[in-house]
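So the structure is just underneath, and the comments pick up after that.
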Amino acid sequence: MADTIELDDRWLAEHPEELTRYPNEFIAVADGKVVAHGKVFADVLTEARNLGYEPLMARGFDPDVLEVP
């Protein structure tokens, strides 16, 4: 499983446009692709798991908006 997460992390790093494609949404990445996305973390994770994945989770952002915590 660690190898899978590493591969998905590498894929996401090589495809940063996927993070801006889904601004302010959670993104589930598995097998070198976005397998689910949405506003509610638990729903996105559940959707990905229902599809048979144990995904790497990330959060998309709007590149034109600077978020300050």
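Per-structure values
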{"item": "Members of the stretch 1-38 found to be assigned to a helix (DSSP H, G or I) and in contact with a Gly (Cβ under 6 Å, 6 or more places away or on another chain), listed by number", "result": "11, 19"}
{"item": "Residue in the stretch 26-48 that is surrounded by fewer than 19 Cβ atoms within 10 Å (Cβ to Cβ) and in contact with a His (Cβ under 8 Å, 6 or more places away or on another chain) present", "result": "no"}
{"item": "Given (1) under 17 Å from residue 61 (Cβ atoms); (2) touching a residue at least 12 places away in the same chain (Cβ under 8 Å), number of the condition residue 45 does not satisfy", "result": "(1)"}
{"item": "Selection count where residues are over 10 Å from the mean Cα position of the chain (by Cα) and part of a loop (DSSP other than H, G, I, E, B), scope the stretch 39-62", "result": "8"}
{"item": "One residue from 7, 45 being at pLDDT 95 or above and of a type in the set (A, V, I, L, M)", "result": "45"}
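The values are calculated or read from the model by the stated rules, or taken from the named source; none is laboratory data. Because the structure is a prediction, the values reported are computed rather than measured. Here the Cβ is made from the backbone with ideal geometry for all residues, glycine too, and neighbour counts use every protein chain on show.
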